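Participant: Please see the structure below; I have some questions.
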């Protein structure tokens with residue numbers, strides 16, 4: 001296909017499969033013009049993490065992203081639901097605060113405690129990516145620096161009680177209520193939401209694909 005060639009018909013466009021149930025990852029792809037096929041990776045993250053011995057923070061999130069993408073790729077092959085030329089994206093994000101990786105807080109109480117620890121501090125949101133196309137894998141980790149506000153106790157409690165941050169890496173969402181409490185970011189803003197669009201673009205380019213060919217496409221459904 002030349003640069004002047006017309007965009008492919010939506011019905012013929014390869015599927016972009018998101019190995020995730022994260023609303024934030026779905027939202028960022030939709031806002032970037034892509035409607036993905038959603039697949040729950042069904043990965044036991046604790047078991048996957050136990051496969052590693054003394055990993056770096058980058059290795060840890062990358063391993064989980066790879067486990068998710070591989071799980072979906074294998075299932076689609078075994079169930080004969082894979083479609084020609086499809087691309088599978090797996091991602092995982094964790095906050096590196098005071099030298100320790102922080103997962104999802106899951107409860108209101110844990111969210112309040114987390115925010116009391118991280119307010120006024122600087123941390124890194126590390127996002128691992130694994131993109132699979134025709135049996136080949138592209139892996140990349142993105143790191144973005146966050147500067148947390150000196151959030152007041154009342155605001156922390158109110159935010160935790162909304163339920164929004166409970167299932168989010170870093171206990172916040174930049175694009176919603178949590179944005180009130182992030183003073184500044186240094187790096188890729190999309191990676192804070194859950195996937196680095198530049199990382200995904202580079203993955204497509206490594207496979208000889210154009211990300212624009214997937215814009216507003218309606219992929220074949222499994």
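Participant: Normalised by the residues of the chain, what does the relative contact order come to in percent, with Cα pairs under 8 Å and at least six apart?
Facilitator: 26
Participant: With an 8 Å Cα cut-off and a minimum separation of 6 or more residues, compute the relative contact order for region 118-161 in percent.
Facilitator: With pairs under 8 Å counted, the relative contact order is 43 percent.
Participant: Right, next: What is the gain in length, in nm to one decimal, between residue 51 and residue 166 on full extension, counting 0.36 nm per residue of separation less the C-alpha to C-alpha distance?
Facilitator: Residue separation times 0.36 nm, minus the Cα-Cα distance, leaves 38.8 nm.
Participant: Right, another one. Counting other C-beta atoms within 10 Å, which of 205, 51, 137 has the fewest, and how do the rest follow?
Facilitator: In order of increasing Cβ crowding within 10 Å: 51, 205, 137.
Participant: Then there is this: Let me see the P(r) profile for region 100-221: every Cα-Cα distance counted, bins of 5 Å, each bin given as a percent of all pairs.
Facilitator: 2, 11, 19, 19, 15, 11, 10, 8, 5, 1, 0
Participant: Also: Using just the helices of the chain, give the 222 nm mean residue ellipticity in deg cm²/dmol: DSSP H runs with n ≥ 4 each add -39,500 (n - 2.57), and the total is spread over all residues, rounded to 500.
Facilitator: Roughly -9500 deg cm²/dmol at 222 nm, from the helical runs in the chain.
Participant: While we're here: If the chain between residue 38 and residue 202 were fully stretched, how many nm would it gain, using 0.36 nm times the residue separation less the Cα-Cα distance?
Facilitator: 56.9 nm
Participant: When the Cα centres of region 87-110 and region 141-173 are compared, how far apart do they sit, in Å?
Facilitator: Centre-to-centre distance over Cα atoms comes out at 11 Å.
Participant: Right, something else. On C-alpha positions alone, give me the angle between the axis of helix 108-118 and the longest principal axis of the chain, in degrees, nearest 10.
Facilitator: So the helix axis and the longest Cα principal axis differ by about 80 degrees.
Participant: Order by neighbour count: 215, 115, 180, fewest other Cβ atoms within 10 Å first, most last.
Facilitator: 180, 215, 115
We did not get these values from a lab; they are worked out from the coordinates using the rules stated. The structure presented is a predicted model; accordingly, all values stated were derived computationally and were not measured. Cβ: placed from backbone, ideal geometry, glycine included. Neighbour counts: every protein chain shown.
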